[in-house]
Amino acid sequence: MVDRRVVGVSALGVLVAIAAALVAQCLTLLIGVITNLAFYGRISTAFVDPAGATPRWWWVLVPVIGGLVVGIMARFGSSAIRGHGIPEVMERVLHGESRIPARLMFLKPLSAAIAIGTGGPFGAEGPIIATGGALGSLVGQSVRVSAEERKVLLASGAAAGMAATFGTPVAAVLLAVELLLFEYRARSLVPVALASVAATAVRAAFVGRAPMFPMPILAEPSASALVAYTIVGVAVGFVAVGVTRTVYAVEDVFARLPLHWMWWPALGAGVVGAIGVLEPRSLGVGYDNIREILAGGLVGRALLALVLLKFVSWVIYLGSGTSGGTLAPLFTFGGGLGGMLGVTAAAWWPDLGVDPRVAALVGMSAMFTGASHALLASVVFAFETTRQPLGLLPLLAGSSAAYLVALLSMRTSIMTEKLARRGSHVGTEYTTDFLATVLVRAAASTDVICLPGPQRLQDARGWVLRGGPGSSHQGFPVVDAQNRLVGVLTRRDLFGAHPEEVQVVSLVHRFPAIVYEDNSLREAADHMVREGVGRLVVVRRDAPRQIVGILTRSDLLEAHAHRLRSHDPGLVQPAPVPSAGGKPCADGDALSHASQEQTS
C-alpha cells in the first residue's frame with residue numbers, strides 16, 4: 001500500500017543514489033590509477049585498457065600480485081568481497097533482512113579496483129552494484145525503517161550503481177525488479193526509479209550524455225532477418241547455459257584444491273597474466289572491445305581469438321573467487337558470438353538481409369538474458385546503451401528465444417545457482433497474489449453455529465458433548481439477545497475451570513477478531529497472523545456486529561485449491577463455493593434448538 005512513508009523512502013533512495021553515483025565515479029578513477037601504474041608506469045586517472053600498452057613478459061606477474069592482495073583482503077577483511085557482487089546482494093535480501101556489513105561498502109570497491117586495475121577481465125559494474133546496495137543497506141540500518149523499506153533502499157543503491165556505470169536508468173530499474181526486489185509494487189518501484197534517474201543525472205554531469213556503446217544508424221529489419229536474429233538468440237542461449245555451468249564447474253575445481261581459498265585468486269590470476277601477454281585485449285573491463293564489436297570493427301579471427309581467450313581468462317579468474325563483475329564479459333562473449341554468426345549469415349545467405357552489427361547487438365543481449373534470466377533488463381539495457389530504436393525488435397526476438405532456451409535447459413541462472421547450492425530457492429516469476437483477488441464473501445461459510453450469550457454454560461457443554469449439529473467446530477461466535485456479535489469462544493474456553501451456572505457471555509473477555517465481507521482473502525490471512533487466530537467472524541462493514549459468515553484457515557486453503565484446479569484441467573472440479581448473504585446464525589441456531597430438546 002502506498003502511503004506517506006513512500007515519500008520518505010524515495011527521498012532517502014535519491015540521496016543513496018547520488019552517493020552511489022559518486023562512489024561509481026571514484027571507483028572508475030581508482031581503476032584508472034591502478035591500471036596506469038601497473039601497465040603504463042605512469043600516474044593518471046584516465047580510464048584506459050591495458051591493451052593500449054606494449055605487452056611485456058612481466059605482465060604475467062601483475063594480475064598475480066592483484067590476486068594476492070584480493071585474497072588477503074578477503075581472508076582478513078571480509079570474505080563477502082569474493083564473487084561478482086549480485087548473487088551476494090541477492091542473498092542478503094533473501095536471508096539477511098537486506099543487512100550488509102558497513103565494511104563491505106569500502107572493501108568491495110577497493111578489492112574490485114585492484115583486481116580489475118591489475119588486468120582482471122571483469123566489468124566494474126558488478127562491484128559498483130554491490131557497493132551501491134551496501135550503501136543503501138547501511139542507510140536503512142541507520143534510520144528507523146522496516147525490513148521491506150531497507151530492501152527498497154538496497155535496491156535503490158544497486159540500481160543507482162548500474163545507472164551510474166552505463167547510463168541506463170530504465171534497465172537498472174528492471175534489473176532491480178527482476179533480481180533484487182522480487183516484486184512489482186509502487187511502494188518499491190517509485191523509490192528505485194527516482195534513484196536511477198538521480199544516478200544517471202550525476203553520471204551525465206561527469207561524463208556527458210553520449211551512449212555507452214554508440215552504433216551506426218541501423219536499418220529496419222526484414223521479416224527474414226528477424227527469423228535469423230531469433231536463431232542467433234537460440235544459439236547464444238545454449239552457449240549462455242554452458243557459460244553458467246562452466247563458471248560453477250571451475251569453482252568446484254578450485255574448491256577441491258588442497259590450499260586455503262585465500263590463495264586461489266593468485267592462481268587464477270596467473271592464467272589471466274599469461275593470456276594477457278598473448279592477447280592484451282583480454283585484460284581489463286573491455287568496454288572498448290564491446291564498442292568495436294557493435295560498430296563492426298572487430299571481426300574474423302581477431303574476434304574469435306578475443307572471445308575464446310577472454311572467456312578462458314574470465315571463467316578461471318572468476319571461479320577462483322576474486323572480486324569482479326560479469327556483465328561486461330558476458331556482453332563481450334555474446335556480442336562476439338552474435339557478430340560472428342551475423343557475418344556468416346550475411347556471407348552465405350545475403351538475401352536474408354542480416355546486419356552483422358545487429359546480430360552482435362542481439363548476441364550481447366541474448367547472452368546476458370540466458371545467463372541471468374533477466375529478459376526485460378537485458379533488452380532495455382542493449383537499447384539504452386546504443387539508443388538504436390530499430391534494434392528493439394531484433395533484441396526482443398533474439399533475447400526471448402535465448403530466455404526460453406535457458407529456462408528449458410537450466411532452472412537456475414548465473415545469479416541464482418550459488419544460492420540454490422546453499423539451499424535457497426529464488427523465485428523469478430511474479431504473479432498477482434491470488435488471495436488478493438478473492439473477496440471474503442466468496443469464500444466464507446455462511447452456515448455459522450453461534451452460542452447465545454445468556455445461555456448457561458452447563459447447557460452449552462451438554463450440547464457439545466452430545467455432538468449436536470456443528471458442535472465439532474473449534475470456535476463459536478457468541479451473540480446477545482438481539483443477535484449481535486459479542487465475542488468468540490473456543491472449545492477450550494467452554495471446558496475450562498468455570499462454574500456451570502454462569503452465562504456463556506461471562507466467558508468473553510474481548511471483542512473478537514473480525515473481517516469485513518468486502519475484504520480480500522489476503523487481508524484476512526494477514527489479519528489472522530496478526531491476531532494469532534485460525535478463524536475470523538465475517539461481518540458487514542456498515543453493521544460490524546451483524547454476523548454474515550465465518551472464515552477459517554481451511555477456507556483459505558480451499559481457495560487455493562480452486563486456483564490449482566483452474567490451472568490443471570485434469571483435477572476434479574470443485575463444487576460451487578457458497579456465496580454470502582445467507583441467514584444470520586441466530587436464525588438457525590442449532591444450540592437453541594438442542595437446548596429446547598433437552599428441556600422437553
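Couplings 3J(HN,Hα) for the stretch 243-251, derived from phi with the Karplus relation 6.51 cos²θ - 1.76 cosθ + 1.60 (θ = phi - 60°), are 4, 4, 5, 5, 4, 7, 5, 5, 4 Hz, where x marks Gly and Pro. Most tightly packed first, judged by the mean number of other beta-carbon atoms within 10 Å of their residues, the peptides 65-74, 232-241 read 232-241, 65-74.
Considering only Cα atoms, the convex hull volume of the stretch 218-321 works out to 108 Å³ per residue.
Expressed to the nearest 5 percent, the antiparallel share of DSSP beta bridges inside the chain is 70 percent. Helical runs assigned H by DSSP (4 residues or longer) give the chain a calculated mean residue ellipticity at 222 nm of -19000 deg cm²/dmol, each run adding -39500 (n - 2.57) before division by the residue total. Principal-axis analysis of the Cα atoms of the chain puts helix 86-95 at an angle of about 10° to the longest axis.
Spatially, the stretch 428-458 and the stretch 497-521 are offset by 15 Å when compared through their Cα centroids. With the convex hull drawn around the C-alpha atoms of the stretch 104-206, the volume per residue stands at 98 Å³. Distance from the alpha carbon centroid of the stretch 122-188 to that of the stretch 263-334 works out to 27 angstrom. A simple rule links phi to the HN-Hα coupling: the Karplus curve 6.51 cos²θ - 1.76 cosθ + 1.60 with θ = phi - 60°, which for the stretch 439-449 gives 7, 4, 4, 7, 10, 6, 7, 9, 8, 9, 9 Hz, with x for Gly and Pro. Taken about its Cα centre, the stretch 103-235 carries a charge dipole of about 440 debye when Lys and Arg each add +1 at the Cβ and Asp and Glu each add -1 at the Cβ. Dipole of the chain computed with +1 at Lys/Arg Cβ and -1 at Asp/Glu Cβ about the Cα centre; of Phe331, Val315, Gly496, farthest Cα towards the positive end is Val315.
Enter the accessible area per residue of the chain (Å², integer; probe 1.4 Å; all protein chains in place). It amounts to 43 Å² per residue over the chain. When the charge dipole of the chain is built from unit charges on Cβ atoms (+1 for Lys and Arg, -1 for Asp and Glu) and taken about the Cα centre, the candidate among Val23, Thr386, Ala176 whose Cα reaches farthest toward its positive end is Val23.
Placing unit charges on each Cβ (+1 for Lys and Arg, -1 for Asp and Glu) gives the chain a dipole about its Cα centre, and among Val145, Gly242, Phe206 the Cα reaching farthest toward its positive end belongs to Phe206. What angle, in degrees between 0 and 90 and rounded to the nearest 10, separates the Cα long axis of helix 521-531 from the longest principal axis of the Cα atoms of the chain? That helix lies at roughly 80 degrees to the long axis.
Packing, taken as the mean count of other beta carbons within 10 Å per residue, orders the peptides 479-488, 439-448 from highest to lowest as 439-448, 479-488.
If you take mean projected area of the Cα convex hull in nm² from the coordinates, which of (1) 31.9; (2) 34.4; (3) 36.3 do you get? Given (1) 31.9; (2) 34.4; (3) 36.3, the calculated one carries the label (2).
Extension gain, Arg492 to Phe511, is 5.1 nm, computed as 0.36 nm per intervening residue step minus the present C-alpha separation. Between the amide H of Val479 and those of Leu451, Gly453, Val486, distances stay under 5 Å, these residues lying 5 or more places away or on another chain, with hydrogens modeled in the peptide plane. What is the helix-to-structure angle for 300-319, meaning the angle in degrees between its Cα long axis and the longest Cα principal axis of the chain, kept from 0 to 90 and rounded to the nearest 10? It works out to around 50 degrees. Counting lysine pairs in the chain that sit 8 or more residues apart in sequence, or on different chains, and whose Cα atoms lie under 28 Å apart gives 5.
The charge dipole of the chain, taken about its Cα centre with unit charges on the Cβ atoms of Lys, Arg (+1), Asp and Glu (-1) only, comes to about 1300 debye. Couplings 3J(HN,Hα) for the stretch 374-383, derived from phi with the Karplus relation 6.51 cos²θ - 1.76 cosθ + 1.60 (θ = phi - 60°), are 9, 5, 5, 4, 5, 5, 5, 4, 4, 5 Hz, where x marks Gly and Pro.
Which FRET efficiency value, to the nearest 0.05, do you get for Val227 and Arg144 by plugging their Cβ-Cβ distance into 1/(1 + (r/R0)^6) with R0 = 35 Å? After rounding to 0.05, the efficiency reads 0.05. The simple spin-label model puts a point 7 Å past each Cα toward its Cβ; for His560 and Ala205 those points are separated by 4.9 nm. Protein heavy-atom surface of the chain, 1.4 angstrom probe: 62% of the accessible area is carbon and sulfur, with nucleic acids and ligands not counted.
Per-residue packing, averaged as other Cβ atoms within 10 Å, sorts the ranges 186-197, 248-259 into the order 186-197, 248-259, beginning with the highest.
The values are calculated or read from the model by the stated rules, or taken from the named source; none is laboratory data. Predicted model, so just to flag it, every value in this text is computed and none were measured. Quick reminder, even Gly has a Cβ in these numbers, built from the backbone with ideal geometry, and neighbours come from all protein chains shown. Heavy atoms of the whole protein, side chains included, go into the accessibility calculation; ligands, DNA and RNA do not. Shrake-Rupley method; radii C 1.70, N 1.55, O 1.52, S 1.80 Å.
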